[in-house]
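Working notes, beginning with the structure itself.
The values are calculated or read from the model by the stated rules, or taken from the named source; none is laboratory data. Given the structure is predicted, the values throughout are model-derived calculations rather than measurements. Cβ placement follows ideal geometry from the backbone for every residue including glycine, while neighbour counts extend to all protein chains displayed.
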Amino acid sequence: MKYFLSLILVFLSSVTYGANITLYDVTLNDLLPHEQSNLLQASSPSHMSVVSGSYTRYDTMDNLQDMSDFYSTKVSLDRTLGYTFSFRLRVVQNIHNYSSRGPVNITLWSNDKSGVILYFRTDEIMAVEATYGTPKIQSESYSTTSFIDYDLTVINNSYVLYGNGSEILSGTLDNFVDYYLDQGYNPAYPFLRIGDSTSGSSGIVDIVNMSLSGDGATIIPDPVPEPSSLILLLLPITSFYFRLKKGK
């Protein structure tokens, strides 16, 4: 019984409730974000590199068809409790052939499918809506070519984007998941993305760090073994324990 309780305690200790979740921090080591954190995955890492102690760079300037991003399906995002995605980055340069795309895509989809998609260019930050072509619904002229600390806060049905503590953009959440399902895609949710995920724009972008905070942001724990599996795991331990006890 003590061993079973120990396993339960180990499982509970692996769940993070309302704490700051570090997704990436270049000052920790010279690994790429998806190598540093098991919470992140990467698309097209061949376009990524690390400048030691400074930033991770992704470069898709050679071809508009090139894409490169980081994403996670391992964090729970509860918009009712609220959460904030924080990141420090700069857009060095970009090209585009579509009016509502940029080389930085920030996507946050909460547990109930509601979310926000933002695009960053060197001189503009825009929000798009969940209709055909995901067109621009609002934007702000904003220089992103120097490193800026961004905070994207989601609470209830709204989002606010801050840059160095000042509000840049705000709006209402939309249901992108159902929209993409209607388009024949099968999007995962909850979902977080940062990077170039579109053929409508390319660029060079440098990322210093990424993190989540707030009561609504938690790590999704690995599945708990079924009782039968737990019994199989405990049998060798129990057998060893009784052999030790018999030998005394």
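Tell me which residues, restricted to the stretch 112-126, are out of contact with any Gly (no Cβ under 7 Å at 6 or more places or on another chain), closer than 17 Å to Ile207 by Cβ and of a type outside the set (A, V, I, L, M). Within the stretch 112-126, just Thr122 meets the criteria.
Residues checked against (1) over 23 Å from His96 (Cα atoms); (2) touching a residue at least 40 places away in the same chain (Cβ under 8 Å):
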position	(1), (2)
Tyr142	no, no
Phe147	no, yes
Ser158	yes, no
Tyr162	yes, no
Gly165	yes, no
Tyr185	yes, no
Pro190	yes, yes
Val205	no, yes
Val208	yes, yes
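Residue check: Gly18 meets all listed conditions (1) in a helix (DSSP H, G or I); (2) modelled with pLDDT under 95 but one, namely (1). Restricted to the stretch 127-201, the set of strands (runs of 3 or more DSSP E) holding at least 2 residues that are hydrophobic (A, V, I, L, M, F, W, C) and out of contact with any Gly (no Cβ under 6 Å at 6 or more places or on another chain) comprises 148-155, 158-163, 166-172, 191-196.
In the stretch 43-56, the qualifying residues are those that are in contact (Cβ under 8 Å) with a residue 24 or more places away in the chain and surrounded by fewer than 19 Cβ atoms within 10 Å (Cβ to Cβ), and the one that is nearest to Thr27 (Cα to Cα) is Gly53.
Condition check ((1) more than 24 Å from Tyr189 (Cβ to Cβ); (2) outside any strand (DSSP E or B)) across all residues:
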{"residue": "Ser46", "(1), (2)": "yes, yes"}
{"residue": "Ser49", "(1), (2)": "yes, no"}
{"residue": "Gly53", "(1), (2)": "yes, yes"}
{"residue": "Ser76", "(1), (2)": "no, no"}
{"residue": "Arg88", "(1), (2)": "yes, no"}
{"residue": "Val91", "(1), (2)": "yes, no"}
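For residues that are in contact with a strand residue (DSSP E or B) (Cβ under 9 Å, 6 or more places away or on another chain) and surrounded by 15 or more Cβ atoms within 10 Å (Cβ to Cβ), scanning just the stretch 176-189, find the one that is nearest to Thr131 (Cα to Cα). The residue in question is Phe176.
For the stretch 164-175, a residue qualifies if it is surrounded by fewer than 20 Cβ atoms within 10 Å (Cβ to Cβ) and under 18 Å from the mean Cα position of the chain (by Cα), and exactly one does: Asn175.
Might you let me know whether the stretch 202-209 holds any residue that is modelled with pLDDT of 95 or more, over 16 Å from Ala130 (Cβ atoms), in contact with a Leu (Cβ under 7 Å, 6 or more places away or on another chain) and among the charged types (D, E, K, R)? Among the residues of the stretch 202-209, at least one is modelled with pLDDT of 95 or more, over 16 Å from Ala130 (Cβ atoms), in contact with a Leu (Cβ under 7 Å, 6 or more places away or on another chain) and among the charged types (D, E, K, R), which makes the answer yes. The residue of the stretch 68-113 that is nearest to Asp25 (Cα to Cα), among those that are buried (at least 22 other Cβ atoms within 10 Å of the Cβ), among the charged types (D, E, K, R) and under 18 Å from the mean Cα position of the chain (by Cα), is Asp69. Among the residues making up the stretch 184-225, those that are hydrophobic (A, V, I, L, M, F, W, C) and more than 22 Å from Gln36 (Cα to Cα) are Ala188, Val224.
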